[in-house]
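Worksheet: one structure, shown below.
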There are 2 protein chains.
Amino acid sequence: MQRNNMQTIGIIGGVGPNAGLDFVRNIFANTIARKDQEHLNCILISCSSIIPDRTEYLLSIVEENPAYGMFECAQRLYAAGANYVAVACNTAHSNKIFSLFRTMVEKSLPDFEIINMIETCATYAKKDIKPGNVKRIGLLATLGTHTTKVYHEYFKEEEGLLLIEPDLEKQKEVHAAIYDLDYGIKSYSNPITDKAREVINKEIHSLIERGAEAVILGCSELPLAVNPQDFDVPFLDPGLICARRLVEIVAPEKLTI
Amino acid sequence: MQRNNMQTIGIIGGVGPNAGLDFVRNIFANTIARKDQEHLNCILISCSSIIPDRTEYLLSIVEENPAYGMFECAQRLYAAGANYVAVACNTAHSNKIFSLFRTMVEKSLPDFEIINMIETCATYAKKDIKPGNVKRIGLLATLGTHTTKVYHEYFKEEEGLLLIEPDLEKQKEVHAAIYDLDYGIKSYSNPITDKAREVINKEIHSLIERGAEAVILGCSELPLAVNPQDFDVPFLDPGLICARRLVEIVAPEKLTI
């Protein structure tokens, strides 16, 4: 494949499948294009079967590090000529997974730039903080993301970002709203069950009551269950922010306002 | 890439971009899966910039055959390990494009099965025709699809399928509802403009009045503008039918009812 002729964005999706589609939809929706040919080149790989559940790995329920499956996806994207790669899953950005993934990619896939979704989100969150001020940011995520403090690596109080998280019981409720086989978003995404929607929206209200000035929807399934207009604070959707960042990198003149 | 370890569906999208996403969404939505890992392996390539507009080629407005760009996409999917390839664009199935595409693929990409969306749709349409009967099927599509009789190759009266098409003036109106830079679906897909929706829905009513017992939404943008519940006849969405066929080929036990 001629890798340098044509800038191509690679997305590792499938974690979960609909989140991957959403990520690519965000790239298209945030690109100024009036005809097909003006859109950016993207490849979405959705090979869910080779990537074990990220939270189950982080909680030691499964043994295999999902980084290996993610790396196989990265190899496939690379073989297809992608120049950039982003992973459309928050929990996969846990250091226990993402650092191994990064090491493997950097070792064997030259000129393949990894765009870290959580880092991109933190950069975005910091941009209007006044010196000396602290922004309180609520975080909703999977148990794996909370437990391994994926976001704490990039959202630091000394840099003006203070994370507010649900207590463990509430984290488990939100996690079930994503994963439960009988009512979770991964099993029922179209439509989402009332129960999943209620749990998630109730916890957002609670984070706002505790002072959150913005709320991170820190699992790619969560935006499917939230109507931002129902709340007074802004939401940070890392997938959307990262999709916009990719458009900005590849074709800054095409990024929608 | 180890091509045979893992059945992977390749989709050439980008023609247009949202139609490609819709195709893959149809694969996921028609797969029985209660967790990520139970979903099928798919790769979507959306490299719109290298595939000239299909209708413009068929009407001799542009010179380059879109088959070359489609073939480059197929090569990239192949390099990424895909075993099957479908093209998420009706007009691309015109013989003037698709036969060149097929020749190039068959010549240089062994063990890479092309699934023809229109042929799959015709097979589906024929399945409940009684011997000696003829089913009248309305067709809405781009000018390129109508002019080069893409569907006539697979929908034949002697096999029980009679196509009913809008007259040329109406074909042009529907084409504009897809392509017009000021109100067409390719430029305004979210939300679709009232004008595009009205033109398309009015023409569906007209096909039904002329005796259509089913209507083919023969351009991947059209399903975005139609609410099937507003009409008394069934719709044939070739993208949906082909997505279901791919699930059936790769994992028949996972096809939703």
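No value in this document is a laboratory result; all are computed from the given coordinates. Everything numeric here is computed off the predicted structure, so don't read it as measured data. Note that each Cβ is placed from the backbone with ideal geometry, even for glycine, and that neighbours are counted across all protein chains shown.
Count Lys and Arg as plus one, Asp and Glu as minus one, and take only other residues whose Cβ is under 13 Å from that of B:Tyr57; the net charge is then -3. Ordering B:Ser49, B:Leu140, B:Gly10 by Cα displacement along the dipole of chain B toward the positive end leaves B:Gly10 in first place; charges were set at the Cβ atoms of Lys, Arg (+1) and Asp, Glu (-1). Pair-distance distribution of chain A: all C-alpha pairs, bin width 5 Å, starting at 0; shares per bin in whole percent are 1, 6, 13, 17, 19, 17, 13, 8, 3, 1, 0. Ranked from shortest, the separations from the 7 Å Cα-to-Cβ label point of B:Glu153 to its equivalents in the other copies are 5.0 nm. A Cβ-based charge dipole, computed about the Cα centre of the protein assembly as shown with Lys and Arg at +1 and Asp and Glu at -1, lands at about 560 debye.
Between copies, the label points at B:Tyr68 (set 7 angstrom from Cα along Cα-to-Cβ) are spaced 4.4 nm, reported in nanometres from shortest to longest. Would you give the gap between the C-alpha center of segment A:98-156 and the C-alpha center of segment A:63-91, rounded to a whole Å? One Cα centre to the other: 17 Å.
Peptide packing: for B:240-251, B:157-168, A:122-133, B:214-225, the average count of neighbouring Cβ atoms within 10 Å per residue gives the ranking B:214-225, B:240-251, B:157-168, A:122-133, highest mean first.
Summing charges over all other residues whose Cβ lies under 14 Å from the Cβ of B:Leu168, with Lys and Arg as +1 and Asp and Glu as -1, gives -2. Give the shape of segment A:1-78 as rounded, prolate or oblate, defined through the alpha-carbon gyration tensor: a ≥ b ≥ c are the square roots of its eigenvalues, a/c under 1.5 means rounded, and otherwise the shape is prolate if a/b is larger than b/c and oblate if not. Judged from the Cα gyration tensor, segment A:1-78 comes out oblate (a/c at least 1.5, b/c at or above a/b).
Nearest 5 percent is fine: what portion of the DSSP beta bridges confined to the protein assembly as shown is antiparallel? Bridges in the protein assembly as shown that DSSP calls antiparallel: roughly 20 percent.
Sorted from nearest, the other copies put their A:Asn95 label points 6.4 nm away, the label point being 7 Å from Cα in the direction of Cβ. Taking the alpha-carbon distance from A:Lys156 and a cut-off under 25 Å, which lysines remain once sequence neighbours fewer than 8 residues away in the same chain are dropped? Once the sequence-local lysines are set aside, what remains near A:Lys156 is A:Lys96, A:Lys126, A:Lys127, A:Lys130, A:Lys135, A:Lys170, A:Lys172. Taking a ≥ b ≥ c as the square roots of the Cα gyration tensor eigenvalues, segment B:1-140 comes out oblate, since a/c reaches at least 1.5 and a/b does not exceed b/c. Relative contact order for segment B:95-195: 21 percent, from Cα pairs under 8 Å spaced at least 6 residues apart, divided by residue count.
Entry note, the protein assembly as shown: the mean residue ellipticity at 222 nm calculated from DSSP H runs of n ≥ 4, each adding -39500 (n - 2.57), is -12000 deg cm²/dmol after division by the residues and rounding to the nearest 500. Peptide A:48-56 shows a mean partner chain C-beta count of 4 within 10 Å per residue C-beta.
Quick one: Cα centre-to-centre distance for segment B:6-22 and segment A:197-255, in angstrom? Between the Cα centre of segment B:6-22 and that of segment A:197-255, the gap is 27 Å. Rounded, prolate or oblate: pick one for segment B:190-231, where a ≥ b ≥ c are the square roots of the eigenvalues of its C-alpha gyration tensor, a/c under 1.5 means rounded, and failing that, prolate if a/b is larger than b/c, else oblate. Because a/c hits 1.5 or more and a/b exceeds b/c, segment B:190-231 counts as prolate. Relative to the longest principal axis of the Cα atoms of chain B, the long axis of helix B:238-250 lies at roughly 30 degrees.
Per residue of peptide A:184-191, the mean number of Cβ atoms on other chains within 10 Å of the residue Cβ is 2.
Only the Cβ atoms of Lys and Arg (+1) and of Asp and Glu (-1) were treated as charged; on that basis the dipole of chain A about its Cα centre amounts to roughly 600 debye.
Near A:Cys242, once Lys and Arg are set to +1 and Asp and Glu to -1 for all other residues with Cβ below 12 Å from its Cβ, the sum equals -2.
Couplings 3J(HN,Hα) of segment A:6-14, computed from phi: 8, 5, 10, 8, x, 10, 8, x, x Hz, in residue order, whole Hz [Karplus 6.51 cos²θ - 1.76 cosθ + 1.60, θ = phi - 60°; x for Gly and Pro]. Inter-chain neighbour count for B:76-83: the average number of beta-carbon atoms from partner chains within 10 Å of each residue's beta-carbon is 6. Amide H contacts under 5 Å for B:Thr31: B:Thr256, restricted to partners 5 or more places along the chain or on a different chain, H placed in the peptide plane at 1.01 Å from N.
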